[in-house]
Amino acid sequence: MTSNLKILDCTFRDGGYYNNWDFDKNIVRKYINSMSTSGVDYVEIGFRNFSQNNFMGPFAYSTDSFIEGLPNISKINVGVMSDASIFLTDNKKVSDLVRELYRNKADSIISLVRIATHFKDVERSQEITKTLKELGYIVALNLMQTGGRKSSEIEDIVKSIAKDDTVDTLYFADSLGNMNNEEIINVIDSIKTFWKKDIGIHTHNNQGQALSNSMTALENGVTWLDSTVRGMGRGAGNSTTEDLMRLINKKMNDTNYSPQELYEICLNDFDILQKKYNWGQNLYYALAADFDIHPTYVQEMLSDNRYSRLDILDIINNLKDVPTKSYNKEILETIKYKDAKDCHGEWNANGWCSNRDVLIIGNGPSSLTYYDDIIKYINQYKPLVLSLNIQKKYPEDIVDGFVC
C-alpha cells in the first residue's frame, strides 16, 4: 500500500443527484467541520456548471463566491467537478469556455478540478485539461463507464492522455456499479502500462461491491479513493467514507484518518437524508448493473409513485434490450409500452363530444364505493366515458378515452 493515499469525499457532488444539489445550511456546516476533523484529504464540494434552465441548488454550480461563503471552508482542501460535455460545444473555443468558469488558481479557493469524460471525448477533452493546468490547478481526469472495456481500448486511451501530460491524476469510474475485484485489478494493470502518475477510482454500490472494489484498488496501487458520507450518491450510492477510513486504518498504521469524527453526522443528519431519499443497494440496482443499465433509470422510478414495484421489474426487463448505459428520460417514458401493437396515427378531437353526455371517472374513493351504480348508469345511458388516468378496477372496454 502507498503512503501517498488521498481520500476524496464527494458527498455534496454525487449526493446532489438526490436533492438537486440543495443542502440544508446546518448540514453543510456540520459536514465541513467533520471533513476537517476526520482528516479527509480533499472535498469535492460540488459540480461547476454554466447556468441551467431548470432549478438546481448552489452545489450544482459551486462558484468561487459561493464556496468562499461556506463556514470554515478554509480548513479543507476543496475541489469541484465539471462534465467535459459543457465545454465541447460548437459555439466557442474550448479554452475560452473553461476560462469563463475558472479563474486563475491564485485567485480561487479551490485547488483541484476534475473533468468527467466519456472515452469517446477524451481527445477533445485534452484542451480542457491543458487550460486548467495553465490556470494553475491540480487536474484530474475521470474516465466514466470503464467497466466492460477491453484492455487494449483502455491502454490506447491512457497512452493518449499520458502523451498530453496535462493530467495529474487519472481516475476510472465504475459508473454502472457492475465491476468486481478481478476487473478492477485488470483495469489498473492496463492503466499502468502507459501511466506512471497517480491513479484514482470512483466506485458505485449497485451490487454491494463499492467498498471492496475501493480496497482492492488501494492494494493494487491506486492512490486516490472516492467516497461519500453514508454512501450518499447517485443510484445505489458509493463507498462510505466512514467505513473506508476504518478499513484503511486497519490496514495501515500511519494514517491521520479519524472516522469517529463522521459518526455523528452519519447517525443523525445523513440517516434522516437516507430515509427520505432511500439511496442504497437493492435488487433493482443489482439487476440494472447486470444488464448495463444506468442507475438513474432505477433512481427515477423509485422516486416516482406512479411505478409499482412490479412495474419497475418489468421496465428493467425491457430496458436490457435497448442502449441504456447513459440515462435518457424519453426512453424511460416509452419503454413501459414496448409491446404496444401500433402507436402511430392521427386523430382530431374536434367535435368528438358534441351532443353527448360525458361521464368523467376520477381516482377518488367514491369511484369505488359507487362502482356498481356507475356501471349501471353507463349501460343505461351510454355516455361518453373519460377516465382520469388508469382506473384499475373499471374494465377498459367501457372507457372511450384516457385523460393524462
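The values are calculated or read from the model by the stated rules, or taken from the named source; none is laboratory data. Everything numeric here is computed off the predicted structure, so don't read it as measured data. For neighbour counting, all protein chains shown are included, and Cβ atoms are generated from backbone atoms with ideal geometry for every residue, glycine included. Surface areas here come from the heavy atoms of the whole protein model, side chains and all, with no ligands, DNA or RNA. Shrake-Rupley method; radii C 1.70, N 1.55, O 1.52, S 1.80 Å.
Numbers below:
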| quantity | calculated |
| --- | --- |
| Any pair with Cβ under 8 angstrom, 6 or more apart, that starts in the stretch 106-133 at a residue that is within 28 Å of L176 (Cα to Cα) and of a type in the set (F, W, Y) and ends at one that is part of a helix (DSSP H, G or I) and open to solvent by 10 Å² or more (accessible area, probe 1.4 Å) | F119/E153; F119/I157 |
| Total residues in the stretch 381-404, condition more than 16 Å from R356 (Cβ to Cβ) and not in a loop (DSSP other than H, G, I, E, B) | 4 |
| Counted residues, the stretch 186-239 - those being over 30 Å from Y277 (Cβ atoms), part of a loop (DSSP other than H, G, I, E, B) and touching a residue at least 40 places away in the same chain (Cβ under 8 Å) | 2 |
| Wholly within the stretch 1-61, helices (runs of 4 or more DSSP H) carrying at least 2 residues that are under 18 Å from G233 (Cα atoms) and among the charged types (D, E, K, R) | 11-14 |
| The stretch 1-29 - residue that is closer than 17 Å to M245 by Cβ and open to solvent by 20 Å² or more (accessible area, probe 1.4 Å) and, of those, modelled with the highest pLDDT | K6 |
| K276 surrounded by fewer than 16 Cβ atoms within 10 Å (Cβ to Cβ) and within 23 Å of the chain's Cα centre (by Cα) | yes |
| All positions within the stretch 165-186 that are more than 16 Å from the chain's Cα centre (by Cα) and within 16 Å of S212 (Cα to Cα) | M179, N180, N181, E182, E183, I184, I185, N186 |
| Top-ranked residue of the stretch 333-364 - restricted to ones that are at pLDDT below 85 and aliphatic (A, V, I, L, M), ranked as least open to solvent (accessible area, probe 1.4 Å) | I335 |
| Subset of the stretch 371-404 [of a type in the set (V, I, T) and either exposed (fewer than 12 other Cβ atoms within 10 Å of the Cβ) or within 44 Å of the chain's Cα centre (by Cα) (or both)] | V385, I390, I398, V399, V403 |
| Which numbered condition T193 fails, given (1) open to solvent by 40 Å² or more (accessible area, probe 1.4 Å); (2) polar (S, T, N, Q); (3) at pLDDT 95 or above; (4) under 16 Å from G280 (Cβ atoms) | (4) |
